[in-house]
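Below is one structure, written out as structure tokens, with a few remarks after it.
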Amino acid sequence: MLEVKNLYKSYKVGNKNYPVLQGVDVNIEKGEFVSVMGPSGSGKTTLLNCISNFIPYESGEVILNGENMEKLTEDELATVRNEKLGFVFQDFMLLDGLTVFENICMPKIIKEDDWREMEDKANKLLDIFGIKEIADKYPVEISGGQKQRVAVARSLMNDPLVILADEPTGNLDSKSSEAVIKSFIEAKKKLGATIFMVTHDTISASYCDRVIVMKDGKIFTELKNSGNRKEFFDELLGVLKELGGDGNDNE
Ligand SMILES: Nc1ncnc2c1ncn2[C@@H]1O[C@H](COP(=O)(O)OP(=O)(O)OP(=O)(O)O)[C@@H](O)[C@H]1O
Ligand SMILES: [Mg+2]
């Protein structure tokens, strides 16, 4: 469904070239919840930005549902980003002047979809994520965990092929983090959503079907969750230890 093939990306700073992604391959199936871990600077955000074609890459391919992203024009890319991709960021990126309900509707407003359909969809998402009671509030009036659940709801408004989330729990305490991860799991179960998430948080990652571990711009290893979250958590800790540290730059 989402295929990344042999991706190479480097940044030019002055006249020096810094290689960041060095032949990355990723394959995400429909309905999977996959996370990417790895030390700070290993290229995780760069990988997400290459997938959405926000930044150019030297070689390799990003194929979304059989379509090579590089072949799209800027206009087509904008449409793909609004309709086929969903985005969730560490700092929520909600529009402060709009209510929760209006924020959630945004992707459909951009798509110029039918008003009635939009309301139905937004109400359904508010229900699924347990945020109905805050629908008329503004972002400043709700908690971080609520903001992120609003962002998850917004990312699903157009039924994207895949949600790209860069450290969605990075600004949240453990309880709110869990609520956000549970909303991804609900999205997967109830809407068949596919999620590709960068995280430093081993607990969040332990809820995923699969964890890809990056190191120095390459895939270091990949772990599959066999169904026992606690076991998977321990397994992840072991690998991150082997990597040096727990994958978190702060520790
Ligand atoms: N626009 C840029 N110009 C130059 N170098 C960059 C740029 N963006 C990122 N880098 C460098 O590329 C490397 C990978 O950065 P990236 O943001 O992808 O890492 P990351 O794995 O997401 O790290 P973190 O866990 O801290 O978010 C880092 O060494 C970073 O300094
Ligand atoms: Mg990053």
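The values are calculated or read from the model by the stated rules, or taken from the named source; none is laboratory data. Here the structure is a predicted model, which is why all the values come from computation and not from measurement. Note: ideal-geometry Cβ built from the backbone for every residue, glycine included; neighbour counts use all protein chains shown. What goes into the accessible areas is simple: the full protein's heavy atoms, side chains included, and nothing from ligands, DNA or RNA. Shrake-Rupley method; radii C 1.70, N 1.55, O 1.52, S 1.80 Å.
For region 5-21, taking the residues that are open to solvent by less than 80 Å² (accessible area, probe 1.4 Å) and more than 18 Å from Glu70 (Cα to Cα), the one that is farthest from ligand 1 (Cβ to nearest atom) is identified as Gly14.
The C-beta contact set for region 157-180 (first residue within 16 Å of ligand 2 (Cβ to nearest atom), second residue of a type in the set (Gly, Ala, Ser) and in a loop (DSSP other than H, G, I, E, B), distance under 8 angstrom, 6+ apart or interchain) comprises Leu164/Ser52. When region 25-78 is limited to residues that are among the small types (Gly, Ala, Ser), touching a strand residue (DSSP E or B) at 6+ places or on another chain (Cβ under 8 Å) and more than 16 Å from ligand 2 (Cβ to nearest atom), the one that is farthest from Ile163 (Cα to Cα) turns out to be Ser59.
For Val62, the requirement of being surrounded by 21 or more Cβ atoms within 10 Å (Cβ to Cβ), within 20 Å of the chain's Cα centre (by Cα) and of a type in the set (Val, Ile, Thr) is not met. The requirement of being modelled with pLDDT under 95 and either open to solvent by less than 30 Å² (accessible area, probe 1.4 Å) or basic (Lys, Arg) (or both) is satisfied by Leu77.
Whenever a residue of region 123-142 is over 15 Å from Leu95 (Cα atoms) and among the basic types (Lys, Arg), its partners that are modelled with pLDDT of 95 or more and in a helix (DSSP H, G or I), lying with C-beta atoms within less than 8 angstrom and at least six residues away or across chains, give the pairs Lys132/Asn123; Lys132/Leu126.
Kindly list the number of the only condition in (1) surrounded by 18 or more Cβ atoms within 10 Å (Cβ to Cβ); (2) within 12 Å of ligand 1 (Cβ to nearest atom) that fails for Ile55. Against the list (1) surrounded by 18 or more Cβ atoms within 10 Å (Cβ to Cβ); (2) within 12 Å of ligand 1 (Cβ to nearest atom), Ile55 comes up short only on (1).
Is there a residue being in contact (Cβ under 8 Å) with a residue 24 or more places away in the chain, touching a His at 6+ places or on another chain (Cβ under 9 Å) and of a type in the set (S, T, N, Q) anywhere in region 37-46? The answer is yes, given that some residue of region 37-46 is in contact (Cβ under 8 Å) with a residue 24 or more places away in the chain, touching a His at 6+ places or on another chain (Cβ under 9 Å) and of a type in the set (S, T, N, Q).
For region 1-24, the candidate set comprises residues that are of a type in the set (Val, Ile, Thr) and under 30 Å from Gly192 (Cβ atoms); within that set, the residue that is nearest to ligand 2 (Cβ to nearest atom) is Val24.
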